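Presented below is the structure to which this report refers.
Each value in this text was obtained by applying a stated rule to the coordinates, not by laboratory testing. Just so we're clear, the structure is a prediction, and the values are computed from it rather than from any experiment. FYI the Cβ positions are ideal-geometry reconstructions off the backbone, even for glycines, and counts take in every protein chain you see.
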Ligand code: 5AD
Ligand code: FES
């Protein structure tokens, strides 16, 4: 087998590694190897995106959820989660404020909440689209039928985020109740791509029971799916969940995985996530320097921010959207990047935006 550096070179050249090589690379990583990787990752980031960072305004519109994922603070069986839903008017108000601040993508994220029926969701998507025709709408509302996805796409949704969480069936069962499976997750992702959504998947780094073998399988799955976006962040324990006592994922491994993703799929839309900013005050800046090119600050009303608590100590829960945007501008300015005012589509979808 090649040296670790040789494997990184080959990943850059061919965008494929064997499972054994992925495992060898992840197990054998070191600070100098990471620096070598990040330099290459920044080369590709600059090639496709220059020094521009795309932003998405995140609207966490409901924290009701019928699911019971063992790691998540808004899981059904957490009686301490204070539940809320935003009205359509409140959602539109978030968009109005966000538009004024320069956001051209709105991400509607929520638990799997039956209150928001297919008709209600389509109506919300249509209303946003007609008020802001120059904006992209991203949905992040979990597993649904192909027909439902199809209709949401027709209503005007452009993108969909659904992290696969872990590609390994057995590990998936360790993190989720029996009603959920890796197989149906993956099936949803293939439907979303087929329908024409810019599709995002992703996983937590350092989730309970995760091994380098699992991460290797995540990379192989992502290579096969070829999504447009991949969101990864460290696992962060939430005090009211079965994994309250599990250790968090590390910044170091999260950054290494970001670098590998940039090299494997160089055009990827790759966020430096809030979870990464939560475990390290400079986590998002480091994420960008490892190859990330997207930030997703919160546009939800400050009154509900703390309630969308997937994990402990989530950052930015007390800050107005405007403060957050300014704060991000300053933070990324300090490392030589700028926030873009644009939809921030995947390069091959709107070639004129390259
Ligand atoms: N730590 C980190 N990320 C989490 N998510 C859910 N719970 C946690 C946690 N405790 C992530 C999942 C989900 C996304 C919305 O948030 O990956 O897909
Ligand atoms: Fe949200 Fe700094 S990025 S307050």
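Quick look at the values:
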| read-out | value |
| --- | --- |
| Stokes-Einstein D for the chain, Kirkwood Rh over Cα pairs, 25 °C, 0.890 mPa s (µm²/s) | 121 |
| Rotationally averaged projected area of the stretch 96-226 (alpha carbon convex hull; nm²) | 8.9 |
| Net length gained if the chain between residue 42 and residue 317 were fully extended (0.36 nm per residue, minus Cα distance) | 96.0 nm |
| Considering only the chain, percent of DSSP beta bridges that pair antiparallel, nearest 5 | 5 |
| Average Cα contact separation per residue, the stretch 1-135, under 8 Å, 6 or more apart, as relative contact order % | 24 |
| Pair residue 327, residue 134: separation of 7 Å Cα→Cβ label points (nm) | 2.8 |
| Per-q log10 I(q)/I(0), the stretch 38-106, q = 0.21, 0.25, 0.28 Å⁻¹ (Debye; single scatterer per alpha-carbon; no solvent) | -0.87, -1.00, -1.14 |
| Solvent-free Debye scattering, log10 I(q)/I(0), computed from the Cα coordinates of the stretch 209-354 at q = 0.13 Å⁻¹ | -0.65 |
| Computed E for residue 302/residue 174 - FRET, C-beta separation, R0 51 angstrom, nearest 0.05 | 0.90 |
| Residue 226 versus residue 77: modelled label distance in nm, points set 7 Å from Cα along the beta carbon direction | 4.1 |
| Likely footprinting exposure, 239, 214, 80, fewest C-beta neighbours within 10 Å first | 80, 239, 214 |
| Average silhouette area of the stretch 6-161, convex hull of alpha-carbon atoms, in square nanometres | 13.0 |
| GNM top mover of 19, 27, 75 - the chain, alpha-carbon springs below 10 Å | 27 |
| Chain lengthening between residue 342 and residue 88 when straightened (0.36 nm per residue, less Cα-Cα) | 89.0 nm |
